[in-house]
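The structure appears below as structure tokens.
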Amino acid sequence: MLIKKIEDAINEQINAEMWSAYLYLSMATYCHSEGKPGMAQWFEVQFNEEQDHAKILYNYVISRGGRVSLKAIDAVPTEWKSMLDVFEKTLEHEGKVTSLINNLYALATQENDYATQSMLKWFVDEQVEEESNAQTIIDQLKMIADNGYGLYMLDKELGARTYTQASPLAASKD
Ligand code: FEO
């Protein structure tokens with residue numbers, strides 16, 4: 001059984017992951033409006049991945065005999081200043097998500113909830129990748145600056161990103 005304090009905290013995290021999904025879908029629409037279909041595709045994959053994150057937590061709460069409680073998803077921004085801005089805001093957001101995961105891990109540690117700690121390890125590793133991916137694109141955008149050909153090539157490269165179901169879900173066939 002999950003203790004109430006941890007159940008509540010995971011439910012909050014499910015909401016945060018769904019908000020992240022909504023944020024990245026909004027970023028995808030911005031990229032489309034700026035004529036960057038490849039970058040839009042990158043964010044659409046991100047949208048799928050965030051929903052996976054929510055579903056992993058959802059499955060976990062249920063498997064521990066807890067109760068998932070879905071809350072309202074707050075509105076997300078809809079406008080950004082540039083492609084660099086949109087990826088900088090992505091990195092900033094992922095930094096906040098990393099703090100949320102760390103806080104959740106600290107709570108599970110404090111409550112001697114080893115199963116929750118074990119489940120969260122996947123998220124700890126995932127956050128390293130999330131931040132690193134955004135940082136790499138920011139570095140590339142800074143290198144390219146206003147070079148049209150460079151932007152065209154980067155858009156093409158990011159458009160090649162494909163969605164793969166997160167491993168904890170693939171393993172559980174959900
Ligand atoms: Fe669910 Fe992008 O972290």
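Would you mind ranking Val128, Val86, Val61 so that the residue whose beta carbon has the fewest other beta carbons within 10 Å leads the list? List each step's numbers first, then the result.
On the way: Val128 11, Val86 24, Val61 20.
So the residues, fewest neighbours to most, are Val128, Val61, Val86.
For Lys142, a cut-off of 23 angstrom between C-alpha atoms picks up these lysines, skipping any fewer than 8 places away in its own chain: Lys36, Lys81, Lys89, Lys96, Lys156.
Cα gyration tensor of the chain, axes a ≥ b ≥ c as square roots of the eigenvalues: rounded (a/c below 1.5), prolate (a/b > b/c) or oblate? Prolate, since a/c reaches 1.5 and a/b exceeds b/c.
Taking the chain as a Gaussian network of alpha-carbon nodes connected by springs under 10 Å, the highest mean-square fluctuation of the residues Glu131, Glu12, Glu111 belongs to Glu111. Each of Met27, Met153, Met1, Met83 has some number of other Cβ atoms within 10 Å of its Cβ, and from fewest to most they run Met1, Met153, Met83, Met27.
Short-range pairs are left out: with C-alpha atoms under 8 Å and at least six residues apart, the relative contact order of the stretch 4-163 is 32 percent. For the chain, the membrane-span-like helices by this rule, meaning whole DSSP H stretches whose C-alpha atoms cover at least 24 Å of axis and whose Kyte-Doolittle mean is -1.0 or above, are 4-33, 37-63, 83-110, 114-144; this says nothing about an actual membrane.
Since every read-out is calculated from the coordinates, none of them should be taken as a lab result. Keep in mind the model is a prediction, meaning the values are calculated, not measured. Positions of Cβ are backbone-derived with ideal geometry, glycine not excepted, and every protein chain shown enters the neighbour counts.
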